[in-house]
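> Have a look at this one before I ask anything.
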Amino acid sequence: MTTTALVPDPMDAPAVRWGIIAPGGIANKFAEAVADFTAGSVVAVGSRDADRAQQFATRHGIPRSYVGYDRLVGDAEVEAVYIASPHSGHREHALLAIAAGKHVLIEKALARNATEVEVIFAAAEQQGVFAMEAMWTRHLPHIAWLRDQIASGAIGDVVTVTADHGQSLDLPADHRLKNPDLAGGAILDLGVYPVSFTVDLLGAPSEVKAIGRLTETGVDGHVAMVLGYSGKTIAQIDTTLWTKTPTSAVVSGTAGSLEIVGGDFYAGGRTVLRRSGGRDRAVVEEFQVDVVNGFQYQAAEAARCIAAGLHESPLMTWDSSRAVMAVMDEARRQVGVVYPGE
Ligand SMILES: NC(=O)c1ccc[n+]([C@@H]2O[C@H](COP(=O)([O-])OP(=O)(O)OC[C@H]3O[C@@H](n4cnc5c(N)ncnc54)[C@H](OP(=O)(O)O)[C@@H]3O)[C@@H](O)[C@H]2O)c1
C-alpha cells in the first residue's frame with residue numbers, strides 16, 4: 001500500500017518560515033525534518049545562550065540566531081514557532097510567541113497541567129493563531145492506516161488497547177527528566193505517547209486508575225494506568241524511566257486485532273492486522289512503511305492548517321490535547337507527583 005493514499009506527502013505542504021525556541025536535543029530533529037523533508041525552512045533560532053544559539057544555527061544552516069526567546073519571536077520573517085523547552089517552560093514560551101502573533105507548535109507534553117493548557121489555547125484563540133501539540137505520532141502513515149482499519153470495522157468493536165513506553169535511562173539526578181522544577185517524570189515525557197495513542201482511538205476515558213513508583217527526586221519513575229470507557233472497553237498503559245519495555249501497541253476488538261510490532265509504536269514499525277476467529281490469530285494483512293525522521297508529517301500538518309486559516313488541527317484537536325492532559329493530571333494526582341508552583 002502506498003502512503004500517499006493515507007497521508008499527503010509532507011513536501012507538498014505550503015512552505016512555512018519557522019523559528020525555534022530552545023535549541024536542545026529534540027530541536028535538532030525538528031530542524032533536520034523541516035530542511036530535508038518539507039518545502040519550509042527554519043529562518044531563526046533563539047536560545048538563552050549566545051554560543052548555543054550560534055552553534056545550532058551553524059549546524060543547521062539557519063540564517064539568524066538570537067540570545068533570548070523574546071528576540072526570536074520579534075523576528076518579522078518568522079511565521080510559526082516550534083517550542084522545544086522543558087515542559088515547565090511551554091506555557092510561558094507559547095504565550096510569548098502567541099502574543100507576538102506567531103503560530104505555535106509546542107512539544108509534548110503540551111504543558112505541565114490542564115490549567116496551563118487552557119491558558120495557551122485561550123491566548124491562541126484570542127490572537128487568532130494556530131496552536132498544536134507536537135505529538136508527531138498522530139501524523140504518521142502507520143497510524144493513519146491503523147485508524148482507517150478501525151473505522152472500516154476490520155477488528156469489530158475495540159475491547160482493549162494495550163500500549164507501553166519505557167526507556168532505560170541512566171540519568172544524572174539533575175537531568176530534566178528527573179527534575180520536578182522542569183516537570184520531569186515518566187508520564188509527561190514517555191507516557192504521553194501511549195495516553196495520546198489511546199485518546200486518539202477512543203477519546204476521553206470516563207475512568208482513570210493509576211499505580212506509581214517515584215524517583216528519589218520525587219517525580220514518577222514508573223506508572224501503570226488503566227483507562228475505563230463505556231461498554232466493554234478498557235485500555236492499559238505502562239510507562240517508566242527505569243527499563244526499556246517493548247514500546248508496542250495492540251488494539252484488540254471483537255473481530256480481530258491490530259498490532260504495532262517491532263518496537264517504538266509511536267515512531268513507525270510494522271502494523272499487523274490480525275483477524276481472529278475463536279483462537280485463530282492468523283495475520284491477514286500487514287502494513288509497513290519506512291519513515292525517516294518523522295517530524296516532517298507534523299510540520300506539514302501545521303503548514304496546511306496555517307495556510308487554511310485553521311486554529312487547530314483536525315488530527316490533533318485542542319479537545320484531544322485537553323483529554324490527554326486530563327488523564328495525565330489525574331494519574332499524577334493518584335501517584336502523588338506535584339510540581340513546584342502548581
Ligand atoms: N517528540 C519527541 O520525540 C521528543 C523527544 C525528546 C523530547 N521531546 C520534548 O521536547 C522538549 C525538550 O526536550 P529535550 O530532550 O530536547 O530537552 P533538552 O535537550 O534539555 O533541551 C531543552 C532546551 O530548553 C531550553 N531551556 C529553557 N529553559 C530551560 C530550563 N529552565 N532548564 C533547562 N533548559 C531550558 C534550553 O535551551 P537554551 O538554554 O539554549 O535556550 C535547553 O537546551 C520536551 O517537551 C520533551 O518532552 C520530544
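> Where Lys and Arg each count +1 and Asp and Glu each count -1, what net charge lies around V208 among other residues with Cβ under 10 Å from its Cβ?
-1
> Something else now. From the residues S47, Q127, F37, which one has its Cα farthest along the dipole of segment 3-137 in the positive direction, the dipole being from +1 and -1 charges on Cβ of Lys/Arg and Asp/Glu about the Cα centre?
S47
> Let me ask something else. T58 to A308: FRET efficiency via 1/(1 + (r/R0)^6), r the Cβ-Cβ distance, R0 35 Å, to the nearest 0.05?
0.55
> With the contact rule set at Cα under 8 Å and sequence spacing of 6 or more, what percent relative contact order holds for the chain?
After rounding, I find 19 percent.
> For helix 295-307, what angle does its Cα long axis make with the longest principal axis of the chain, in degrees from 0 to 90 and rounded to 10?
Taking Cα atoms only, the helix is inclined about 70 degrees.
> What is the angle, in °, between the Cα long axis of helix 114-127 and the longest principal axis of the Cα atoms in the chain? Nearest 10 is fine, range 0 to 90.
60
> Toward the positive end of the charge dipole of segment 217-323, about the Cα centre and with charges on Cβ (Lys, Arg +1; Asp, Glu -1), which of W318, G269, T233 goes farthest?
Going by the Cα projections, it comes out as T233.
> Nearest 500 deg cm²/dmol is fine: what mean residue ellipticity at 222 nm does the chain get from its DSSP H runs of n ≥ 4 alone, each adding -39,500 (n - 2.57), divided by its residue count?
-10000 deg cm²/dmol
> Let's see if you can work this out: charge +1 on each Lys and Arg Cβ, -1 on each Asp and Glu Cβ, no other charges. What is the dipole magnitude of segment 239-312 about its Cα centre, in debye to the nearest 20? Intermediate results must be reported in sequence, preceding the final value.
Details: 7 positive and 8 negative charges, 53 e Å.
With only Lys, Arg, Asp and Glu charged at Cβ, the dipole is about 260 debye.
> May I ask what percent, to the nearest 5, of DSSP beta bridges between residues of segment 3-137 are antiparallel? Mind showing how you got there, number by number?
On the way: 0 of 21 bridges.
If we restrict to bridges inside segment 3-137, about 0 percent are antiparallel.
> Going by C-beta contacts inside 10 Å, put E330, E216 in order with the fewest on the left.
Working: E330 18, E216 8.
Ordered by Cβ neighbours within 10 Å, fewest first: E216, E330.
> Could you tell me which residue out of L201, T137, T254 lies farthest along the dipole of the chain toward its positive end? Charges go on the beta carbon: Lys and Arg +1, Asp and Glu -1, centred on the Cα centre.
T254
> Pull out the extension gain between D36 and D174, defined as 0.36 nm times the separation in residues minus the alpha carbon to alpha carbon distance; nm, one decimal.
46.3 nm
> To the nearest 20 debye, what is the magnitude of the charge dipole of segment 3-137 about its Cα centre, counting +1 on the Cβ of each Lys and Arg and -1 on the Cβ of each Asp and Glu?
Numbers: 11 positive and 16 negative charges, 63 e Å.
In total the dipole reaches around 300 debye.
> On a 0 to 90 degree scale, rounded to 10, what angle separates helix 87-99 from the longest Cα axis of the chain?
60
> Also: On a full-extension model of 0.36 nm per residue, what is the gain between V338 and K244, subtracting their alpha-carbon distance, rounded to one decimal in nm?
Net length gain for the segment: 31.3 nm.
> Further question: Order by neighbour count: T217, T254, fewest other Cβ atoms within 10 Å first, most last.
Taking fewest neighbouring Cβ atoms as first place, the list is T254, T217.
> Taking each pair of distinct Cα atoms in the chain once, what is the resulting Kirkwood hydrodynamic radius in Å?
Across the chain, the inverse of the average 1/r is 20.4 Å.
> Just need log10 I(q)/I(0) for segment 176-289 at q = 0.13, 0.14, 0.15 Å⁻¹, Debye formula, equal scatterers on the alpha-carbon atoms, no solvent, rounded to two decimals.
Cα-only, vacuum Debye calculation for segment 176-289: -0.58, -0.67, -0.75.
> With +1 on each Lys and Arg Cβ and -1 on each Asp and Glu Cβ, and nothing else charged, work out how big the dipole of the chain is about its Cα centre, in Debye to the nearest 20.
I would put it at about 320 debye.
> Let me ask something else about it. Of all DSSP beta bridges located in the chain, what percent are antiparallel, nearest 5? Don't skip to the answer; put the middle values down first.
Values: 36 of 64 bridges.
Of all bridge pairs located within the chain, approximately 55 percent are antiparallel.
Bear in mind these aren't lab numbers, they're just calculated from the coordinates by the rules spelled out. The shown structure was predicted, so the numbers you read here are calculated from the model rather than taken from an experiment. Using ideal geometry, Cβ is built from the backbone for each residue, glycine included, and neighbour counts are taken over all protein chains shown.
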